[in-house]
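Everything below concerns the one structure shown next.
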Amino acid sequence: MATIDFAEVPPLLAARGLAYARNEEAIFGPLDFSLAAGEVVLIEGDNGSGKTTLLKVLSGLIEPTAGEVLLHGVPLTLAKLSHQVALLGHLPGMKLELTVFQNLSFAIGLGGIRAGITPHSALASVGLAGYEDQPLRLLSAGQKKRAALARLLLVPAALWLLDEPYANLDREGIELVNRLLALHASRGGAALITSHGAYAYTSGTPRRIALAGSSPSKRQENFVGQSVANRDAGLTQRVAPPRLTDERLPPNAGSLGA
């Protein structure tokens with residue numbers, strides 16, 4: 001039987017010498033890191049440190065000043081956006097005048113649909129059953145965020161880039177995000193998330209990428225140590241879903257989508 005050499009399998013996402021500058025002022029970088037299937041990694045930084053910009057660069061929406069982004073070992077550029085990447089920003093990225101169901105149908109038309117799930121089951125998974133025909137503009141900020149999370153469940157994107165996914169959510173919503181992250185990782189997906197503190201609800205020690213709050217040399221030192229530890233445990237992380245909340249996952253944590 002043929003064996004798989006994991007050393008030859010490219011990471012789901014890799015950044016090589018990645019940097020971005022605006023008006024000749026460095027926003028972040030250079031950064032070198034990789035993200036394997038089954039990983040959830042936290043991007044840390046103060047306001048203005050470039051967290052949102054980094055996610056846009058990683059999605060291919062903004063071209064970096066230097067370096068490159070690789071998706072499954074293939075360069076990801078603005079000219080070659082991939083449906084394997086899903087970006088959730090501060091805004092839900094949905095049409096306010098369309099109904100919730102129409103918005104999800106539009107997303108499916110653009111990026112396809114994950115096997116074994118429907119818009120109705122996705123909405124039920126995020127607590128929006130019965131809201132299918134509601135115009136998005138009538139929903140609260142937290143409900144709009146839940147609708148955007150339902151869209152994440154629907155599309156078959158392997159890489160989630162989530163900018164402040166806990167914003168506008170109560171404790172129950174925060175636990176929902178953590179369950180979705182655990183489910184996505186257990187399926188072999190990966191996620192990069194930014195947060196200003198709600199991630200403290202999670203347990204364990206997720207790998208972190210620091211964009212501010214320490215000297216460049218210290219950031220590199222911390223990241224190298226985290227990268228080595230993660231690489232050594234990479235196979236385990238790909239097999240076992242990460243523990244993402246202080247509390248135990250509810251019994252229905254695996255029922256958020258097929």
**OP:** May I ask you to list the residues in segment 40-52 that are open to solvent by 10 Å² or more (accessible area, probe 1.4 Å) and closer than 17 Å to P11 by Cβ?
**Re:** V40
Original post:
Which of the residues belonging to segment 53-71 are surrounded by fewer than 16 Cβ atoms within 10 Å (Cβ to Cβ) and either among the hydroxyl-bearing types (S, T, Y) or over 18 Å from E24 (Cα atoms) (or both)?
Top reply: L61, E68
Original post:
Filtering segment 1-22 down to residues that are modelled with pLDDT of 90 or more and open to solvent by 80 Å² or more (accessible area, probe 1.4 Å), which residue is nearest to H83 (Cα to Cα)?
Top reply: R16
Original post:
Counting only residues that are modelled with pLDDT of 55 or more and open to solvent by less than 30 Å² (accessible area, probe 1.4 Å), which one in segment 189-201 is nearest to A158 (Cα to Cα)?
Top reply: G189
Subject >> Selection from segment 155-176 of residues that are under 21 Å from L13 (Cβ atoms) and hydrophobic (A, V, I, L, M, F, W, C) >> reply: V155, A157, A158, L159, W160, L161, L162
Original post:
Of these, I117, I108, I113, which one is more than 20 Å from P11 (Cα to Cα) and not in a loop (DSSP other than H, G, I, E, B)?
Top reply: I108
**OP:** Hey, can you tell me all the residues within segment 62-102 that are in a loop (DSSP other than H, G, I, E, B), modelled with pLDDT of 90 or more and hydroxyl-bearing (S, T, Y)?
**Re:** T65
Original post:
A167: modelled with pLDDT under 95, in a loop (DSSP other than H, G, I, E, B), open to solvent by 10 Å² or more (accessible area, probe 1.4 Å) and not charged (D, E, K, R), yes or no?
Top reply: yes
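The values are calculated or read from the model by the stated rules, or taken from the named source; none is laboratory data. Keep in mind that what you see is a predicted model, and the values were worked out from it rather than measured. Methodologically, a virtual Cβ is constructed for each residue, glycine included, from the backbone with ideal geometry; neighbour enumeration extends over all protein chains shown. For accessibility, only protein heavy atoms count, side chains too; no ligands or nucleic acids. Shrake-Rupley method; radii C 1.70, N 1.55, O 1.52, S 1.80 Å.
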